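The values are calculated or read from the model by the stated rules, or taken from the named source; none is laboratory data. Keep in mind it's a predicted model, so treat the numbers as computed, not measured. Cβ atoms come from the backbone with ideal geometry, glycine included; neighbour counts cover every protein chain shown. In case anyone asks, the SASA skips ligands and DNA or RNA and just uses the protein heavy atoms, side chains included. Shrake-Rupley method; radii C 1.70, N 1.55, O 1.52, S 1.80 Å.
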Amino acid sequence: MKNRDDLISILPYLPLSLSSSSGLFWPPQIVEILKTLSLGPGQSGVTSGYILFQAISSLRRSISHIFTYDKLATSSSDGYALFFDNLISREESRKWLGHVIPSMSNLLLRLPSLLEAHYHYSDILSAITRDQAITGLRLIESQMSGIVFLGQELIGAFLVCSFFCLFPIADRDEKNLPTINFDQMFASVCGSNKENMEHKVRCIMNYFERLYNSMPTGTVSFERKVLSLESSPRNVCYPKVDDWSNSLLPLCQFEAYNLGLIEDQARGAMEVDFSGQYFGGAALHTGSLQEEIRFMINPELIVGMLFFTAMNHNEAIEVVGAERFSDYTGFGFTFRFYGDYIDRRGMDLMGRRKTRIIAIDALCMPRMKQYCLGYLLREVNKALCGFQEGFKFQQQHQQNTADIPSTSRVQRDKGKAKASCLENVESISEGIATGNWGCGAFEGDPELKVVIQWLAASQAKRPFILYYTFGLDKLKNIEKICERIIANGWTVGKLWEVVVEYSSKRLDGRILDGFFTWFFTPPPTF
């Protein structure tokens, strides 16, 4: 274990220690506290949120001699106390402190062995596929394409670390890594947005209750996708303006929906996460917009915040298999947890739930610069990076089979579980489910973003795009515009040139209308 480059890269950001003789381990003081917590309130004395936070502080102090731990967010102690002592019922609190917290502590005790089993599984998978893109858990930095497969049980253990605020904070900013501990989220329960923050915490609590009742045994993959900035026969390169203008690919089918949510689509489409530059955005802070909500109802996404550094303009992140655990209503300040959710999507041969989430970050508050050619290129290439086909097992791997246990069962069932990890992903089968990407808090032009995403989906050879307008009035004619363009048999290149023409005129003030209005009166001539 000590000589693994992948482990060495992520070790400074984990609360574990590593020795050449015994591998990964918890410091003895941590083990004692966790064992006591696992025995329940009768032994641990944790009978309130206030005492729970004292236990969290003890855990952090027990490893402060190994890692430099900054102070937690102001009011985080008040947030834990308020939530468990006042915001949930006494019955819920007793169940949590008496059963769920002990179960979480037991899971955390197993983290070293779960992580070692993960690295063993990754080695097997990499050897079978002969693909260097597959690694064990590592820091996946900018311009580093790669994919990591994590078992849901291991993900659960990592999220318990977040709940107990055990991840080292020092040096994360230096590496452009987002927050991963839950202290900011609990602290916000005491703030001005306390009601929607309370419901974000309720989503997380529902996830841990589900783990307590039945531990999931699937797999989730996390991939950084990169459009190469240099010519390469093996990788998709970052297209230039002329590449888009010369594209002869047909435009894919376009379907618009005024009602409905991206995550509820049932067509097997890739689902777009309107991400910030940092994966997860303000999910663990005060945000309750599209990305943050998705991270609350699919909490396994949060683990990616541990090891993905900020995205550059030619990068996207794809997560396959994240299970949904909660239902909700509202948006922003009106966001509310609406109860448990049973995810009935099927599993692929890798043990991943058939949910593909694509994180792409739009320009933030671009104003007029979004009509500049360079920024148009940035946006369409960002979407293309997300929409292009990511990691898949190559054709030659179909003839290989091997004993590959589920990552969460490696130690228990080593060598027994026979399953082919060599699923032949069809060349392009999934469409894109998206909406007003970068048009809310980021204040992008929604009409422009519709066309940019359509272009990118078509260039990526996706069969269709499902566009959820969320009732935005500016997009009420979206069906007409798309029908007209498709009826005219336009290619990707032709539509791109129209977008460039419109943007140029908008930029120099020759037109003030939105793209759709301009398109109809008068239409461009080609």
Out of Ile342, Ile360, sole residue that is open to solvent by less than 10 Å² (accessible area, probe 1.4 Å) and either in a loop (DSSP other than H, G, I, E, B) or at pLDDT 95 or above (or both): Ile360
First in the stretch 367-381 and touching a residue at least 24 places away in the same chain (Cβ under 8 Å), second anywhere and of a type in the set (Phe, Trp, Tyr) and assigned to a helix (DSSP H, G or I), Cβ under 7 Å, 6 or more apart: Val380/Trp244
Any hit, the stretch 499-521, residues being touching a Phe, Trp or Tyr at 6+ places or on another chain (Cβ under 7 Å), within 16 Å of Cys252 (Cα to Cα) and of a type in the set (Lys, Arg): no
Condition met for Ser76 (open to solvent by less than 40 Å² (accessible area, probe 1.4 Å), touching a residue at least 60 places away in the same chain (Cβ under 8 Å) and touching an Asp or Glu at 6+ places or on another chain (Cβ under 7 Å)): yes
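Identify the residue in the stretch 264-288 that is within 17 Å of Leu177 (Cα to Cα) and not hydrophobic (A, V, I, L, M, F, W, C) and, among all such residues, is surrounded by the most Cβ atoms within 10 Å (Cβ to Cβ). Break it down stepwise before answering.
The first filter runs over the stretch 264-288 and keeps only residues within 17 Å of Leu177 (Cα to Cα), leaving 275-285.
Of the ones still in play, those that are also not hydrophobic (A, V, I, L, M, F, W, C) are 275-278, 280-281, 285.
Working: Ser275: 24, Gly276: 24, Gln277: 16, Tyr278: 19, Gly280: 27, Gly281: 24, His285: 19.
My answer is Gly280.
Regarding Lys505, is this residue in a helix (DSSP H, G or I) and open to solvent by 20 Å² or more (accessible area, probe 1.4 Å)? Before the answer, list the steps.
Numbers: in a helix (DSSP H, G or I): yes; open to solvent by 20 Å² or more (accessible area, probe 1.4 Å): yes.
Yes, satisfied.
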Helices (runs of 4 or more DSSP H) fully within the stretch 69-112 counting 3 or more residues that are within 26 Å of the chain's Cα centre (by Cα), at pLDDT 95 or above and aliphatic (A, V, I, L, M): 101-109
Test: residue in the stretch 6-21 that is over 32 Å from the mean Cα position of the chain (by Cα), assigned to a helix (DSSP H, G or I), hydroxyl-bearing (Ser, Thr, Tyr) and crowded, with 18+ Cβ neighbours inside 10 Å: no
Any hit, the stretch 36-46, residues being surrounded by fewer than 16 Cβ atoms within 10 Å (Cβ to Cβ), out of contact with any strand residue (DSSP E or B) (no Cβ under 8 Å at 6 or more places or on another chain) and not in a loop (DSSP other than H, G, I, E, B): yes
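Take the conditions open to solvent by less than 20 Å² (accessible area, probe 1.4 Å), in a helix (DSSP H, G or I), under 17 Å from Lys382 (Cα atoms) and among the charged types (D, E, K, R) and apply them to Glu291. Does it pass?
Criteria met by Glu291.
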Checklist (1) open to solvent by 10 Å² or more (accessible area, probe 1.4 Å); (2) closer than 30 Å to Arg202 by Cα applied to Gln143, failing item: (2)
Filtered residues of the stretch 510-526 (kept if open to solvent by 50 Å² or more (accessible area, probe 1.4 Å) and either more than 18 Å from Ser247 (Cα to Cα) or among the charged types (D, E, K, R) (or both)): Arg510, Leu512, Asp513, Thr517, Phe520, Thr521, Pro522, Pro523, Thr525
Unique residue being of a type outside the set (Lys, Arg), open to solvent by 10 Å² or more (accessible area, probe 1.4 Å) and touching a residue at least 40 places away in the same chain (Cβ under 8 Å) when the list is Asn181, Asn196, Asn213, Asn206: Asn206
Count of the stretch 418-437 residues which are buried (at least 23 other Cβ atoms within 10 Å of the Cβ) and modelled with pLDDT under 95: 0
Residue among Thr407, Thr355 that alone is surrounded by 16 or more Cβ atoms within 10 Å (Cβ to Cβ), at pLDDT 95 or above and polar (S, T, N, Q): Thr355
Test result for Ala157, without any contact (Cβ under 8 Å) to a residue 12 or more places away in the chain and part of a helix (DSSP H, G or I): no
Selection from the stretch 296-338 of residues that are of a type in the set (Gly, Ala, Ser), in contact with a helix residue (DSSP H, G or I) (Cβ under 8 Å, 6 or more places away or on another chain) and surrounded by fewer than 22 Cβ atoms within 10 Å (Cβ to Cβ): Gly330, Gly332
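Return the only residue of Asp171, Asp183 being farther than 24 Å from Tyr50 by Cβ and of a type outside the set (Phe, Trp, Tyr).
Only one candidate qualifies: Asp171.
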Unique match (being under 23 Å from Leu248 (Cα atoms) and among the basic types (Lys, Arg)) among Lys449, Lys476: Lys449
